[in-house]
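In what follows, a single structure is set out as structure tokens and then discussed.
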Amino acid sequence: MATKRILVVGGGLAGLAATMKLAELGIDVDLMSLVPVKRSHSVCAQGGINSVNDLTRQQGDDEWLHFDDTVYGGDFLQHQPPVKEMAYWGPKIIELMDRLGVTFNRTPEGMLDRRRFGGTLFKRTAFAGATTGQQLLYALDEQVRRWEAAGKVKKYEFWDFLGPILDDNGTCRGAVAQDLVTMEIRSFPADAVVVGSGGPGLIYGRSTMSMACTGSAASRCFQSGAKYGNGEFIQVHPTAIPGADKLRLMSESARGEGGRVWVPRTPHDPRDPVTIPEGERYYFLEERYPKYKNLVPRDIATREIFDICVNEGLSVEKDRQCVYLDLTHIPKKELDRKLGGILGIYEKFQGVDPRTTPMKIFPAVHYSMGGLWVDYERSATGGLTVGSPRNQITNIANLYAIGECDYQYHGANRLGANSLLSCIFSGLIVAPGLENLLKGAKQAAAELPSSLFDQSRKQHQSRHDALLRRSGGGENPYLIHQELGDVMTKWATVVRRNDQLKEALGKVSDLYSRAKKCSLSDTGTWTNQNVVFTKALLDMFPLALTILKGALQRDECRGAHFKPDFAFGSLTATEAGERRRQAEAWCDRFEANNVKWLKSTVAQWTGDEVEITYEVVDTSLIPPRPRLYGLVGADDIEKVWKQRSAAREAVQDGNGSTAPATLAAAH
Amino acid sequence: MTDGHSHNGHPKAPASFEVRILRQDGPGQPSYWERHRVEYEPEMNVISVLQRIAAKATTADGKHVAPVAWDCNCLEEVCGACTMVINGTVRQSCSALVDRLLAERPGEIELAPMTKFSVVRDLVVDRSRLFRALTKVKAWVPVDGYYDVGPGPRVSPETQEQSYPLSECMSCGCCLDACPQYLKVEVERLEGESAADFEARVNKEYDRSFVGAHAISQAMLFNSHPTGANNAGARLDALMAEGGIQVCGNAQNCVAVCPKNIPLTTSIGRAGRATTIHQLKKWFGA
């Protein structure tokens, strides 16, 4: 039998973790990436990676609480078993990365230092300066280079994944890809394809994501029949530095290390911010959220900053929306040690020293919680069955998705410093399942009739050739991309309204038709970036439409998806009895809404439009509860909610069962 | 944007400025200069300039041309992709701010590909030799495997503060482009040569050539790691082989151009001492 091989698409944290683990299991891997894997977008992650640790344990923390924080932060929209498994692997993953030589910051005794991140009250986050993603990626890149030197891994860098190859039964047998230098298109037979291609930030034009984050690989799987889950859940990071080409991330760790967000109480106060007295500053996050203060979850921080600038008119600048993120009260030496990397970025790109002058920041599109729909196998204890080939598999046999491009771990909102964990975890967990998949396969893909591979290659070749023939007179792909980004940023980010989403759907559909008439300014056959970009642009539309349609249909507020027309609001009554009645009504409404909307959005592409169905979420481990960060009346609502939960539990105990909530049909 | 727009200490921003680009259609082809005119916008960097040029695809003389090819990804100077020679200095194009470039040379910006790597097209170069050098010096920690076997070795904050800057190397290649001893290696594929044979021949050529400051520094990074040190001898052997540390002419250009201020010459000094001791130990069989 010919050797079985696995093709990994994408060499960020997820793809590299999978590659390294597969190689350890003795499996040959082809690793494909748009950029040299060491230059993947994971390098942009700054703040850190979460796990329970010896110190937080003694403060009452454990894996279950990390799991709870993650599902609570995600507004209960994730299937719980994979999240539980991830939280329990957290400490082990950090130990592994530590052994691989990641230069984590240390305590004086030589232990890993930790910082606090949003959405938790524990210091769970291990970090390497403010370039944790870069440091983790390098450690995995080094291990993969080691396997490459040993002949187990073959890299295809500067290659563009054009789509999976499906046989007559709809099983994935490999992929077609294009060499970005020579423009050669060829087939890669593979016994499984693992897509770890990251997020689709470029759909929004400018975001905090890298230029390779077009979403094209995920979109090409989607257009080949793979389901896409929770597309409308796009995380807008509260603190980014606006720029002409990119919105550069200013890590949450700036707030984790004590950074304070404020605006002058006088709109557009022209004074040097350091001279504005304390009394004339509005620390709005601290005032509105006295418990979490500047470290509320990202969706909330983003909406508050948006609200302060847009609704309250308190933006620092008149012509441009921004608020201060202030670190100037922290000793310079400490800042350099813990945040040197990100402060350097601000200084380099803005020409201002954030150690002495408060930074100006504004929210920016940052992360996609949604992504390719993937399955899992639940274990008896409510985690994952390690080694199951169902873990991370899409609805297409032998096609897997990991990392940001899967929808599995973050629900409606991701907590800071959980993405590095989910990327590495999904990469590691997919490997033993693939090992078993390969063991069970009778025939290697390389032994299948070559006609299957030739046919797929020819399809992609003719699409490519047709694009090259379209020169002159048509639409400009770069300008269409700008328009797409403008529409998406304006109407599908922080605040969503149905009339606007409908209009956006119309506009994006029009843009899609226009994009199909793009003509190329380069019709050459060597390193033609113009045609590669045009293809990626065309593939942005099915995902853009998925995001918009999912957002339009979802008439509720959940995590990052905020529709003011459907917001529950705070309690208004002051009289105790009336307040109690309001709290009861609030909880009734919450329960009714969950019956209707505590469901994952599952999109499929019909060839020219998006079809949406909904999937019940496995919430059998932690029952959903209201997410009450900072709401007026939160205490009253919580009291009512606790009484109801206790009553429910009593009924269950009386029945002698702990009947889990309805499970998803797929599980 | 009109004349007199004030921005970031650049009181008289121009309405537009010229960008001269050294282009090349493919490997082995002649290079040529091409002029483009770009409308000034506040807060531009060289990436946004190249984006405008790609969208317009028309030279200053109004001639339609293929968009200029260039390499980039993160746009925040952590991935190392967008390195090129800007106004004569090798650096990243994302962090090259137009206001500053125009302040040092009014009216014009000059872009050229890196000089020590073969040009793929325009500003895109082939830097695979740089990654090959990381293999040569075994720039990794040789762990037993990826199962959970407990935490890594304890590391003092002092050691971490020494290692972290070295580990920030993003393989951009600035130190190599500026090095007088790092010479361009170009290998052409022979007729009928298979891809695998060609790759093997290229790697052989790379392995004989100077590894460069970045790889020497990475060798020192891994030699100072408690587990990485298990391979210290092999790394020193690599640094003493052909193309090793003896090629360094101590010009110190590397440290001057490193965008991350990595103490490359300190690493080279450490490597020099370590290889000497390693050699003596070998002679005396210790």
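A short reminder: the numbers here are calculations on the coordinates, not readings from a lab. Note that this is a predicted model, so its numbers are computed, not measured. Please note: Cβ atoms are built from the backbone with ideal geometry, for glycine as well, and neighbour counts cover all protein chains shown.
Brief remarks on what is shown
- Average Cα contact separation per residue, the range A:238-364, under 8 Å, 6 or more apart, as relative contact order %: 34 percent
- Here the Gaussian network model covers chain B, with springs between Cα atoms less than 10 Å apart; of B:Tyr40, B:Tyr182, B:Tyr164, B:Tyr164 fluctuates the most.
- 0 to 90° range, to nearest 10: angle between helix A:477-491 axis and chain A longest Cα axis: 30 degrees
- Given charges at beta-carbon only (K, R positive; D, E negative), |dipole| of chain A in Debye: 560 debye
- Neighbour cut-off at most 15 other Cβ (10 Å), DSSP loop, trypsin sites (Lys or Arg not before Pro), the range A:206-270: A:Arg265
- Taking 26 Å as the limit for the C-alpha separation, the pairs A:Lys154/B:Lys204; A:Lys332/B:Lys138; A:Lys84/A:Lys152 exceed it in the case of A:Lys332/B:Lys138; A:Lys84/A:Lys152.
- 5 angstrom amide H check on A:Tyr282, placed H, neighbours 5+ away: A:Val263, A:Arg265
- Global dimensions of the range A:348-482 from alpha-carbon coordinates: Rg and Dmax equal 22.3, 66 Å.
- 5 Å-binned pair-distance histogram of the range A:238-364 (Cα, whole percent): 2, 11, 23, 25, 23, 13, 3, 0
- Protection-proxy order for peptides A:189-196, B:45-52, each taking the mean of Cβ atoms within 10 Å per residue, highest first: A:189-196, B:45-52
- Solution diffusion estimate, µm²/s, Stokes-Einstein, the range B:127-283, Kirkwood Rh from C-alpha pairs, 20 °C, viscosity 1.002 mPa s: 129 µm²/s
- Spin-label pair A:Lys333-B:Ser31: with each label point 7 Å from Cα along the Cα-Cβ axis, the two points sit 4.7 nm from one another.
- Shape call, chain A: gyration tensor on alpha carbons, a/c limit 1.5: rounded
- Enclosing the Cα atoms of chain B in their convex hull gives a volume equal to 181 cubic angstrom per residue.
- The trypsin sites (Lys or Arg not before Pro) found in the range A:301-357 that occupy coil by DSSP, while having at most 15 further C-beta atoms within 10 Å, are A:Lys318, A:Arg320.
- Share antiparallel - DSSP beta bridges, chain A, percent rounded to 5: 70 percent
- Rounded to the nearest 20, the size of the Cβ-charge dipole of the range A:238-364 about its Cα centre is 320 debye, with Lys and Arg at +1 and Asp and Glu at -1.
- Taking a straight Cα-Cα cut-off under 22 Å and skipping sequence neighbours fewer than 8 places away in the same chain, the lysines within cross-link reach of A:Lys338 are A:Lys123, A:Lys293, A:Lys348, A:Lys360, B:Lys260.
- Calculated on C-alpha atoms, the gyration radius of the range B:5-121 divided by its Kirkwood radius gives an Rg/Rh of 0.95.
- Taken as Cα centroids, the range A:616-644 and the range A:307-322 sit 32 Å apart, rounded to the nearest whole angstrom.
- Length-normalised contact order of chain A in % [C-alpha pairs under 8 Å, at least 6 apart]: 19 percent
- Cα-based radius of gyration for the range A:470-553, normalised by 2.2 N^0.38 Å, reads 1.19.
- The GluC sites (Glu not before Pro) of the range A:598-641 meeting both criteria, a DSSP state outside H, G, I, E and B (loop) and at most 15 other C-beta atoms within 10 angstrom of the site's C-beta, are A:Glu609.
- Relative to the longest principal axis of the Cα atoms of chain A, helix A:13-24 runs at roughly 50 degrees.
- Sorted by Cβ neighbour density within 10 Å, fewest at the top, the residues A:Asp160, B:Asp25: B:Asp25, A:Asp160
- Most positive-pole-ward Cα, A:Trp526, A:Phe541, A:Tyr478, against dipole of the range A:470-553 from beta carbon charges: A:Phe541
- Mean separation of Cα pairs under 8 Å and 6 or more residues apart, divided by the residue count, gives the range B:63-105 a relative contact order of 25 percent.
- Among A:Phe349, A:Ala380, A:Tyr367 the positive-end extreme of the charge dipole of the range A:250-395 (Cβ point charges): A:Ala380
- By the combined test of axial Cα extent (at least 30 Å) and Kyte-Doolittle hydropathy (mean at least 1.0), none of the DSSP H helices of chain B qualifies.
- Charge context of A:Leu55, other residues only, Cβ under 9 angstrom, K/R +1, D/E -1: +1
- Sum of side-chain charges, A:Ser456 neighbourhood, beta-carbon under 14 Å (Lys, Arg +1; Asp, Glu -1): +3
- Toward the positive end of the charge dipole of the range B:146-286, with +1 on the Cβ of Lys and Arg and -1 on the Cβ of Asp and Glu, the farthest Cα among B:Val247, B:Pro157, B:Cys179 is that of B:Pro157.
- Folded to 0 to 90 degrees: helix A:419-440 orientation relative to chain A principal axis, Cα: 40 degrees
- Taking amide H atoms as placed 1.01 Å from N in the peptide plane, the amide H of A:Ser368 lies under 5 Å from those of A:Gln235, each 5 or more residues away in sequence or on another chain.
- Remark: mean inter-chain Cβ contacts per residue of A:33-45 equal 5, using a 10 Å Cβ-Cβ cutoff to other protein chain atoms.
- Listed values for the range A:362-369 are Karplus-derived 3J(HN,Hα) couplings in whole Hz (6.51 cos²θ - 1.76 cosθ + 1.60, θ = phi - 60°), namely 8, x, 8, 4, 9, 7, 9, 5, and x replaces Gly and Pro.
- The range B:209-250 versus the range B:85-140: alpha-carbon centroid distance in Å: 24 Å
- Residues whose placed amide H lies under 5 Å from that of B:Glu108, excluding near-sequence neighbours: B:Glu18
- Least to most buried among B:His214, A:His464, A:His366 (fewest other Cβ within 10 Å first): A:His464, A:His366, B:His214
- Charge sum, other residues only, whose C-beta stays under 11 Å from A:Gln80's C-beta, Lys/Arg counted +1 and Asp/Glu -1: -1
- Radius of gyration, Dmax [the range A:568-654; alpha carbons; angstrom]: 17.1, 57
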